[in-house]
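Enquirer: Okay, handing you the structure first.
The values are calculated or read from the model by the stated rules, or taken from the named source; none is laboratory data. In this text, all values refer to a predicted model and were calculated from it rather than measured experimentally. Using ideal geometry, Cβ is built from the backbone for each residue, glycine included, and neighbour counts are taken over all protein chains shown.
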Amino acid sequence: MDAFPATEDPAESEPKATTGSPPEIVSQSDFVDCVDRCVASLLVKPAAATAQASEQTQLRAWLAGKSQALDDGTPIDFALFDATILSVEERLPAAGSLDRSRLLSAARRLAEDVYAGAPTPAAVET
């Protein structure tokens, strides 16, 4: 009888590295355009629901990717999303206070839904 129990070889217990596909290269403008399209789709009627779902799926995939980064090395994370959503008013035109209010409401709804992980309603009511 052995005095010491057999131990595993440490090399065998370490997780094996997997070779997956390299992370997708995403430009700053691609990320910003995706956020802007998500916000803009909330301003239209339900006809855009399919496009909206596709854009949000892409946005969530980028945010969920642990090794995702923009082509300039900036990590794709919620800090980047927050900065992008907070500056949406600078990029998307709004004609008048009602349109501005709807735009900001759509941006807020997108942010809430992305953080909650829930699908977004089809349109922002006027």
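Enquirer: Working only within the stretch 82-106, note down all residues that are of a type outside the set (S, T, N, Q), closer than 14 Å to Arg37 by Cα and part of a loop (DSSP other than H, G, I, E, B).
Expert: Listed by number, the residues that qualify are Leu92, Pro93.
Enquirer: Here is a further query. From the residues in the stretch 64-81 that are touching a strand residue (DSSP E or B) at 6+ places or on another chain (Cβ under 8 Å) and assigned to a loop (DSSP other than H, G, I, E, B), which one is nearest to Leu103 (Cα to Cα)?
Expert: At the first step, the residues of the stretch 64-81 found to be touching a strand residue (DSSP E or B) at 6+ places or on another chain (Cβ under 8 Å) are 68-71, 75-76, 80.
Still in the list and also assigned to a loop (DSSP other than H, G, I, E, B): 68, 71, 76.
Details: Gln68: 28, Asp71: 28, Ile76: 23 Å.
Per the criteria, the residue is Ile76.
Enquirer: Can you tell me which residues in the stretch 37-56 are closer than 15 Å to Glu112 by Cα and either hydroxyl-bearing (Ser, Thr, Tyr) or modelled with pLDDT of 90 or more (or both)?
Expert: Cys38, Val39 - these are the residues of the stretch 37-56 that are closer than 15 Å to Glu112 by Cα and either hydroxyl-bearing (Ser, Thr, Tyr) or modelled with pLDDT of 90 or more (or both).
Enquirer: Of all residues being surrounded by 14 or more Cβ atoms within 10 Å (Cβ to Cβ) and in contact with a Leu (Cβ under 9 Å, 6 or more places away or on another chain) in the stretch 75-93, which is modelled with the lowest pLDDT? Just the residue, please.
Expert: Looking at residues that are surrounded by 14 or more Cβ atoms within 10 Å (Cβ to Cβ) and in contact with a Leu (Cβ under 9 Å, 6 or more places away or on another chain), I get Leu92.
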